[in-house]
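The values are calculated or read from the model by the stated rules, or taken from the named source; none is laboratory data. Computed from a predicted model, the values in this text were never measured in an experiment. All Cβ positions, glycine included, derive from the backbone under ideal geometry; neighbour counts span all protein chains shown.
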Amino acid sequence: MFEPLLAQLRAQKANSLIPLHSRSGRILDIGCGSYPYFLAHTTFKEKFSIDQSPLYDHVLTQLEISSYTLDLNSQPNLPFEDDFFNAVTLLAVVEHLDPQSMARLFSEIRRTLRLGGVIVLTTPAAWSAGMLNFMARVGLLSIEEIHEHVYTYTLPLIGWYFGQAGFEMNQIRFGYFEMLLNVWAVAEK
C-alpha cells in the first residue's frame with residue numbers, strides 16, 4: 001500500500017542530493033528492483049542498473065538503461081572501469097546486503113566514481129525495524145521485502161563503512177527523512 005509512496009519519497013530525496021553538474025554524466029543505481037523507479041524519475045546522460053534479478057527488456061529499452069544482473073552479497077565487485085560514474089545510488093538497498101560485503105562494495109563504488117562523484121544511499125533508521133515489521137504484518141508494506149532486511153545501520157556505522165572505503169570524513173553528509181524513519185547519506189570522492 002505504501003511502497004509506491006515510499007519509492008517516490010526516496011527518489012525525490014536522492015534527486016535532491018545529487019549535484020546538478022553530475023547529471024551530464026553516468027549514474028549507477030544499485031538494487032533498483034524489478035522496476036527501476038528512481039532511474040525512471042531522474043535525468044542523466046547515461047543510466048546503469050544492477051540488481052540480483054534481471055530487468056524486463058521493454059523497461060530497459062523504454063528507459064534507456066544498461067542493466068547488469070549480479071548478486072552483490074556473494075560477489076561485491078563492480079564490472080566497470082575506474083572513474084566511470086558521476087553518481088551511484090543505493091536506495092533502500094544496504095539493509096539487504098551482508099555486512100561482510102559492504103566494505104568491499106563501498107570500495108568498489110569509490111573506485112568507479114569520478115573525482116567529485118557522489119554515492120547516495122538511503123536505509124531505514126535502526127529504530128524503525130519494529131514499526132516496519134508491524135506495517136508488514138498488517139499489509140501496509142511487503143512482508144517479503146521487510147523479512148529480507150539483513151541488518152540495520154546507524155549513521156556512525158555508515159560513516160565507518162565510508163571511511164573504510166577511503167572516503168574522507170569531511171566529504172560525508174548524513175540526515176533523516178520520512179518522519180525520521182529513514183536515513184540518507186552522501187559521500188563525495
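Miscellaneous remarks
- Restricting attention to region 17-40, the residues being farther than 23 Å from D71 by Cβ, modelled with pLDDT of 95 or more and either assigned to a helix (DSSP H, G or I) or of a type in the set (K, R) (or both) number 1.
- Scan of region 130-187 for residues that are outside any loop (DSSP other than H, G, I, E, B), at pLDDT 80 or above and β-branched (V, I, T), ordered by number: I158, I172, V183, V186
For every residue, the table says whether it meets (1) of a type in the set (K, R); (2) touching a Leu at 6+ places or on another chain (Cβ under 7 Å); (3) free of Cβ contacts under 8 Å to residues at least 60 places away in the same chain; (4) at positive phi.
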| position | (1), (2), (3), (4) |
| --- | --- |
| L6 | no, no, no, no |
| S22 | no, no, no, no |
| K47 | yes, yes, yes, no |
| S67 | no, yes, yes, no |
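- Extreme residue, surrounded by the fewest Cβ atoms within 10 Å (Cβ to Cβ), among residues of region 70-84 that are under 19 Å from M102 (Cα atoms) and touching a Ser or Thr at 6+ places or on another chain (Cβ under 7 Å): D82
- Taking region 29-68 as the range and being closer than 22 Å to E81 by Cβ, touching a helix residue (DSSP H, G or I) at 6+ places or on another chain (Cβ under 7 Å) and of a type in the set (A, V, I, L, M) as the test, the residues that pass are L39, I65.
- Test result for S107, modelled with pLDDT of 95 or more, hydroxyl-bearing (S, T, Y) and more than 24 Å from N182 (Cβ to Cβ): yes
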